[in-house]
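The values are calculated or read from the model by the stated rules, or taken from the named source; none is laboratory data. The shown structure was predicted, so the numbers you read here are calculated from the model rather than taken from an experiment. Quick reminder, even Gly has a Cβ in these numbers, built from the backbone with ideal geometry, and neighbours come from all protein chains shown. Note: accessible area is taken over every heavy atom of the protein model, side chains too, but ligands, DNA and RNA are not part of it. Shrake-Rupley method; radii C 1.70, N 1.55, O 1.52, S 1.80 Å.
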Amino acid sequence: MATTNTSSLLTATLASGSSLVLLQLFSRVVTFVLNQALVRLVSPQVFGTTSIQFELLLSTILFLSREGVRNALLRAPPSEQTSLDRNATTRLVANISLLPVLLGIPTAILSAFAYLGTSSITTSSQPHFRESVTLYVLAAFFELLSEPMYIRTQNELRFHVRVRAEGTAVMLKTITTFLVLVAAPDDWALVAFALGQTAYGLTMLLSFAMACSDNLDFRPKRVTVTRKEHTETLLFEPSLFKLSVAMTGQSLIKHFLTEGDKFLVSRLSPLADQGGYAVAANYGSLIARIVFQPIEETARVFFSKALSTSGDSGTKSSGQLKGPLQTAATVLLTLLLAFTHLFLLAVTFGPPYLSLAIYLILPRKYLATSAPSILHVYVYYIPMMAFNGVLEAFFASAASPADLRAQSRWMLIFSAAFIGAAVGLARGLGMGDAGLVWANVANLALRAVYAWTFVRRFFCERNAGDLVGWKRAIPPLPVLAAFAAAGTVVRASAKTYANAPLNLVAQRWHLATGVASLLGCLLTCIIFERKAVLRLVNPLRKTR
């Protein structure tokens, strides 16, 4: 039964992942095209305010209010695996799903007042600044109102609801922002972005309300349950509530580590450079938002459900544990192997060709900001985001409250190290905003190592340590040698064309060298890794 459940779960999760990737591809390509117009319509100061400071305010409200509850409730077991009946389990989980709305009210008010009170004169003196902040807070509250319905659809594996809601919301957000910028006077630029975000939040709320229209009664209700001949009245499912509290308490530290660079940029850099940082982040993290974010989110759903079926090693036999654990290990190692190849591609071909790409794509007024130097660091930042994202998805899916408390203590150490490295690199060594990104790379690496240590311990405690080994996430030696040779060739080519004009015609033979080297690397991967990839993927095919 466990194997059947895991198989159907994997099929649903793979379908969800592909749908989310397609959604992100469609929405981000359209958004990217429109953003090309947006960054040309507004000044770097306005773009920095909206994309760094307003987005930081929004993410602070949403992350602190909902992230802990959202991750905890992904572990809600099917009703047949609990001692409670289906209706009782559903109601107790629904009661917990209301907590983000209740947490959101004080979090939004405190965050907004803290931001307004600490904003610099340069920032707060912009036209319609306070009205725009109010609209961003309203947009956050709209999203929080949809959270109980989001959790219900995720636990019911109705992933298409989220795909449709986000796809529609992203489109309306971008179109609304663009139309207001075009139609309204220049001093309404901040309001244009705020109205776009409000349209996003309202669309998410209405989309989820329509998907759950058969039952919109989310009023908290107590449930009387009987366990081991003992009757009690519950408002929340005890274990999930404790996990929600633990994860919510940890979210403050995790949020700072995730958004720490934006915190520091908003305090250390002038508005123009904040605009350059925002543009660099939008360009640099495009592949992360299209591919890695959907993979991380669907992996978190899959690991949460699959590992909840495996239960505790002390209550299930080795045979019952082996199926879900093997599938989870295979999914994790397949993703890590794919991300290792991404890292090799990025460090081999990124630096020699990034200057040309930046000159061709980046708007001219941003070439004098910190954007170009930041994009050069993103070559290393993006792969590290991928590694850390999937490893922390596993940790969030399997960690006990005790594990979360231990991680929180380590995260305090990581936070102190991040602040020290960021200030030291940005100010001490004069690296500017690029130093903040390098500090973030180191921060993500430390968090990834911590999460991998947990993965190893998790499987070893269940007598399945042989299922996860770091060597299975590393390509064979001939592949590594091919990438090393390609890196040497393209860097020699880059030196040869260092003084040539930055255009496609002048750099055509440099580009041809890169294409030939890339094809050589891909051919080597096909020759030497086909069997290894099939060994990893075959167990997934069997579950489908």
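Miscellaneous remarks
- Approximate spin-label separation CYS460-ALA492, in nm, with each point projected 7 Å along Cα-to-Cβ: 4.5 nm
- Within the accessible area of segment 154-269 (1.4 Å probe), percent carbon and sulfur: 61 percent
- If R0 is 25 Å, the Cβ-Cβ spacing of ALA184 and SER120 corresponds to a FRET efficiency of close to 0.50.
- Between ARG40 and THR168, residue separation times 0.36 nm minus the direct Cα-Cα distance comes to 43.6 nm.
- Sparsely packed loop sites in segment 201-261 (the trypsin sites (Lys or Arg not before Pro) outside DSSP H, G, I, E and B with at most 10 other Cβ atoms within 10 Å) comprise LYS228.
- Surface analysis of segment 325-420 yields an accessible area of 34 Å² per residue, using protein heavy atoms and a 1.4 Å probe.
- A straight chain from ALA338 to ALA402 at 0.36 nm per residue would run longer than the Cα-Cα distance by 19.9 nm.
- Distance between modelled label sites at LEU477 and LEU518, nm, 7 Å Cα→Cβ extension: 2.9 nm
- Length gained when the stretch ALA500-ALA417 is fully extended (0.36 nm per residue, less Cα-Cα span): 25.8 nm
- Calculated FRET efficiency for the pair LEU235/ALA357, C-beta based, R₀ 45 Å, to 0.05: 0.25
- Rounded FRET efficiency, nearest 0.05, which uses the C-beta distance separating LEU429 from ALA485 and R0 of 25 Å: 0.15
- When the listed pairs LYS495/LYS531; LYS365/LYS495; LYS254/LYS471; LYS305/LYS471; LYS173/LYS365; LYS242/LYS471 are checked against a 31 Å cut-off, the alpha-carbon distance exceeds it for LYS495/LYS531; LYS242/LYS471.
- Karplus (6.51, -1.76, 1.60) ³J(HN,Hα), θ = phi - 60°, over segment 399-413, in Hz, Gly and Pro reported as x: 6, 8, x, 5, 4, 5, 5, 5, 5, 4, 5, 5, 5, 4, 5
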